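Only one structure is covered here, and it is reproduced in the block below.
The values are calculated or read from the model by the stated rules, or taken from the named source; none is laboratory data. The structure displayed is predicted, hence computed values, not measured ones. Cβ: placed from backbone, ideal geometry, glycine included. Neighbour counts: every protein chain shown. All accessible areas refer to the heavy atoms of the entire protein, side chains included, with ligands and DNA or RNA removed. Shrake-Rupley method; radii C 1.70, N 1.55, O 1.52, S 1.80 Å.
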Amino acid sequence: MEKHLGWFKNQPDESNQAGTFSILNSSKIEIIKFDIALLINLSHLFYNILRLTKLLRQRIVCWHMEKLSLSVNTLFLFVLAFGGLYFAAPFLIPVTLAAVLSMVFIRLSNFFERKGASRAFASFACILLFVLAMGLIIALLSIQLGSLADHLDGMEKRIVGMLESLKSWINETIGIKKAEQQKAIEQGTKGKSGGLILSFASGLMGVLINTVLVLVYMFLFLSMRGHIKKFLLKLVPKKENEDTTEVIHQAGKVSQKYLSGLAAMIGVLWIMYGIGFSIVGVESAIFFAVLCGLLEVIPFIGNLTGTGLTVLAVVAQGGDGKMIIGVLITYFLVQFLQSYILEPVIVGEQVNINPLFTIMAIVLGELVWGVAGMILAVPLLGMAKIICDHYPHLQPYGFLIGPENPRKPKTSVLDYFKKVFAKN
């Protein structure tokens, strides 16, 4: 009996075994559930990471597209602006020239107003001084032209002799007879003399009308400059009025600095060219000195043009090779003194533009507005750089226009006289 009971006790308990299996199964199920939940959470996390990455990429792409779109729109605006400048040149040239010139006389007008003069009277006094200065220059050129006219007969004979020598060279080298050359010249100039006279008369009348318009515009700009400044400040929010005022001040200062310094430097160039050409023996040396100095208003191109005209005049006057070399030496010596002494001392801080964009602005100005565009290109580009430097979206363009290695501002002789006027 006990044996059977012992055997019975040694048998495995099926209920206990079933309980153990149920516990194990439930543990495995819990583990599987946990793994599944973990996988689901990881998949949700991975999905959210992918979605966030996609959103960030879209934001970055949109940001770059916005910057690219802004740049494209800015360039497109520039193209439209230059198109408008070209077609509206007859109206805009006198207005722009008067605006730039009036900025030069703002300090002088303020000086007269501090002395008790009204703004209208101070503006009229500035215009009167400007007209007197231009009259003196024109009178000097007229006197020199009168002395040059005395030598025109001799110059004409020399030019005719040079043309005959050229015809002979063409006949000997190419084989075209002088009679055929003369016939081609007559056919090319036939019927054009009347048109040339008419175009010259219409051009002279246009210059006179534009001169009067410039003087009227200058007077109005000087007398209404406070009203114009208030208008510009009303275009921007009040919180930006201080920055806008600074931009207006800096833009006006660029024009004043460039043109007033340029005028002083032209006066010194007249003296140096006059002395050099007189020593060389150029006839009407003062005339060509004044011409070379006036053409300095067009950077890089004006001085070369003036010197080239002087060389041609020397050749027409019968000058030899030594005289031509003397004119060229005078030119290079004056340019050396201008670059290393006159510009740093007299002009001081100039328009902060690199040479590449200076030349490009002059060429583009000539295409849009002719000679007036060449004269106004540098001060207008300097004002545009000031505007670009004060607005974040346009700062890359200001950096591109500026010099590669910006120089520190220098104090010029003109600054001293301006301080004297300010104290008085």
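Of everything listed in (1) buried (at least 18 other Cβ atoms within 10 Å of the Cβ); (2) more than 19 Å from the chain's Cα centre (by Cα); (3) not basic (Lys, Arg), the single unmet condition for Ala251 is (2). Taking the stretch 258-276 only, how many residues are open to solvent by less than 30 Å² (accessible area, probe 1.4 Å) and free of Cβ contacts under 8 Å to residues at least 24 places away in the same chain? Here the count works out to 1.
When residues in the stretch 357-379 are screened for being under 10 Å from the mean Cα position of the chain (by Cα) and open to solvent by 60 Å² or more (accessible area, probe 1.4 Å), 3 of them pass. Is there a residue being of a type in the set (A, V, I, L, M, F, W, C), modelled with pLDDT of 80 or more, over 20 Å from the mean Cα position of the chain (by Cα) and assigned to a loop (DSSP other than H, G, I, E, B) anywhere in the stretch 278-287? Yes, the conditions are met somewhere in the stretch 278-287.
Within the stretch 286-332, restricting attention to residues that are closer than 20 Å to Met134 by Cα and in contact with a Ser or Thr (Cβ under 6 Å, 6 or more places away or on another chain), which residue is surrounded by the most Cβ atoms within 10 Å (Cβ to Cβ)? Per the stated criteria, the residue is Phe288. The requirement of being open to solvent by 50 Å² or more (accessible area, probe 1.4 Å), assigned to a helix (DSSP H, G or I), modelled with pLDDT under 90 and under 30 Å from Ile286 (Cα atoms) is fulfilled somewhere in the stretch 121-134, by at least one residue.
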